[in-house]
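To start, the structure under review is shown below, and the notes come after it.
The values are calculated or read from the model by the stated rules, or taken from the named source; none is laboratory data. Computed from a predicted model, the values in this text were never measured in an experiment. Glycine also receives a Cβ, built like all others from the backbone with ideal geometry; neighbour counts cover every protein chain displayed. The protein model used for the area step is the full one, side chains on, heavy atoms only, and it has no ligands, DNA or RNA in it. Shrake-Rupley method; radii C 1.70, N 1.55, O 1.52, S 1.80 Å.
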Amino acid sequence: MKKYVDAVYLDGENTGGTSNVSFTNDNTKIVALEDKKSDDKKSDDKKSDDKKSSNDSDLITNDVKKDREEFIKKFIESFGKGFYNYKPSDSELRTFAEAYIKANAKRAKVDYKVKTYLPDYAVVYVRPETIDLDNLNVHELSRKFYDENKGKYSNYSEAMKAGEKYILENAPSQFDSTPLDTSDNMQKEGYEIKMTKKDGKWTIDTSSKNYNLKDMARTFRGGIGY
């Protein structure tokens, strides 16, 4: 699960924040340990084959490149709707989104808690603390724009358009200092993500009815989109 989150939502790696993995109860630990012991026993019998099997078991069948592009596409579409005077290009919106994702990869704190672990099925709680875009100090950016451009615009509409463009371009400068936050819609334990295993590979449920995953993706976009 962590590999999927890092690849799709966090620029490939959660480098500067923290990631913790735990289990909800002792029974889950036992199942995990027994699975590991079984793998160890097999490796003693047939090391080369089991090394390949072990590597395969770490893989997921989800198309992470496609999911990441969908994640960014939703980011661009949703964020772009928040502008009323200035109409940013897709390139400008992508630049903002990628800057946010990169900053989140450095700062986000993500806890993973295994709720259920079976040979072919698992449920993992994912609890992210991310840079909440609602916490950006837009007032401060607006004040700076006013101070730097006082008397420059005679047309109110043009001033508002330039102001929004200024905020878009300068908001990333606050990413390193904006407080991290958790979503109010998230359960106390985190988002409940389900996975199934077949032929040694895990598949994360990304179906349209998986509202937990949708909510989690929104959190990794700073509270934007659904």
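Data table
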{"item": "Apportionment of accessible area to carbon and sulfur, the range 60-148, percent (1.4 Å)", "result": "49 percent"}
{"item": "Percent of alpha-carbon pairs separated by more than 22 Å within the range 103-226", "result": "52 percent"}
{"item": "The range 66-201 - accessible surface per residue (Å², probe 1.4 Å)", "result": "58 Å²"}
{"item": "Accessible-area ranking of TYR153, TYR100, TYR146, largest first, probe 1.4 Å", "result": "TYR146, TYR153, TYR100"}
{"item": "Cα-projected label distance for VAL138 with GLU169, points at 7 Å along beta-carbon direction, nm", "result": "1.9 nm"}
{"item": "Other-chain or far-sequence residues with amide H under 5 Å of LEU10's (modelled H)", "result": "none"}
